Each structure stands twice: as C-alpha cells, then as structure tokens.
Amino acid sequence: MSLTAFASLADLTLSLYPDFSWLSSLVETATGWVGLVIIFAYSFLIAFALPGVSEIVLAAPLDLGLPYSAKLAVIILVSGAGKAAGSVFAFHIGRQTKESGYVERALERLPVDVMGWTERKAVQIAQNWGFAGLAAALCVPGFPDTLSIYAFAVLEDDYVKFAAATFVGSCGRLVVTVIGIEAALAFL
C-alpha cells in the first residue's frame, strides 16, 4: 500500500470517530484524588473504544501530597487497572464479535486486508509468546492499544490471564514512556 493510500485510510478511519479531545483535556487537567477516577475511566475507555494516546495520563497534574515518584507509581497502577478492566470488556466484545462474524464481513470489504494482516501478526505473536506477547505489544508507546487487545481477544479465551497481561503491558508502556522522557531530558 502506498503512503498516500495509507494516509487516506487513516484520515477516513479518524473521521469515523467522534471528537474526544475534551476527554484528553480532562485528563491533562485532572487534579486530586478525583483525578485518579478520571485516569481510571480514561484508561478503561482507551482499552476498548477510544482512539487516543494512553500515555497522556502521565501529564495529569495530580496533587496527591505524594513525592513525584510515588505520584507516578499511583498514576501507572491506576491507569494499568483501568486498562485491564477495559480490556476485559473488550475481550468479551471481541469474543461475541468473533462469534457473530459481523466485523469480519465489514473489514473484508475494505481495500486493505486488515483482518488478514492483523490476524497473521496476532497469531504469530500469540503462538510464539502467548500472553507475554500481548503484554510486550502493549509496552510499545504510541501503538494503538485497541489493535493488540482486540487481536488477542479473538485468539485467546482466558479472561484472568488476558487482564493480567494487559495490566502488565499497560504499566510497562507507561514505565517505558517515563524512562524515555527522563532519558531525553537528561540529554537536554
């Protein structure tokens, strides 16, 4: 697929989603202990429905009366729990969708073989790495969570392991992001 075709497909996909920038703004301004509820809800929604950047939770200016490192740890754990809960919801939807076949039929009509590519990659990762592969895929900053979550939801059937893998991967992603930011700031 050419870069222009990919950009057009990406624009089309993004235009299908409602504008949730207000929710990102809410996370970016979340303060106090209520801010943790906002982070949990945002992470829950990112796991199964929202197109967005999950790393934005690290920018929340929570004032919890904790040292910086403890505040980051709390944000990471709350976000990981929210994403694990959302992924279980996505897992359930993915299982139901697989049984109905509706999404597969819709994706087959696209000019790009989304299902084939996603399924091949997900099957390859799942076969080689299992739930550790899901956790590793979720550790990649900037990569859409929902793609990995739904791809694995179609292939796996253990809710507890799925939730644990998404929790570890989500927390790992935020830790990798923090380390990357800290390393970049150290060079400036």
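Per-structure values
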read-out: Met1, sole failed condition from (1) part of a helix (DSSP H, G or I); (2) modelled with pLDDT under 60; (3) within 25 Å of Ala137 (Cα to Cα); (4) aliphatic (A, V, I, L, M); value: (1)
read-out: Selected residue (criterion: farthest from Ile181 (Cα to Cα)) from residues of the range 136-151 that are of a type outside the set (Val, Ile, Thr) and without any contact (Cβ under 8 Å) to a residue 60 or more places away in the chain; value: Ala151
read-out: Unique residue being at pLDDT 90 or above, in contact with a helix residue (DSSP H, G or I) (Cβ under 7 Å, 6 or more places away or on another chain) and either over 27 Å from Ser24 (Cβ atoms) or open to solvent by 20 Å² or more (accessible area, probe 1.4 Å) (or both) when the list is Ala81, Ala126, Ala70, Ala136; value: Ala81
read-out: Selected residue [more than 16 Å from Phe143 (Cα to Cα) and in contact with a Leu (Cβ under 8 Å, 6 or more places away or on another chain)] from Leu36, Leu77, Leu66; value: Leu36
read-out: Of all residues in the range 127-167 being within 12 Å of the chain's Cα centre (by Cα) and β-branched (Val, Ile, Thr), the one that is nearest to Glu55 (Cα to Cα); value: Val140
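One line per residue, one yes/no per condition, for (1) part of a loop (DSSP other than H, G, I, E, B); (2) closer than 21 Å to Ala84 by Cα:
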site	(1), (2)
Ser25	no, no
Trp33	no, yes
Val37	no, yes
Tyr42	no, yes
Gly65	yes, no
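The values are calculated or read from the model by the stated rules, or taken from the named source; none is laboratory data. All figures in this text were calculated on a predicted structure; none of them were measured in a lab. Heads up, the Cβs are rebuilt from the backbone with ideal geometry, glycines too, and the neighbour counts pull from every protein chain shown. Surface areas here come from the heavy atoms of the whole protein model, side chains and all, with no ligands, DNA or RNA. Shrake-Rupley method; radii C 1.70, N 1.55, O 1.52, S 1.80 Å.
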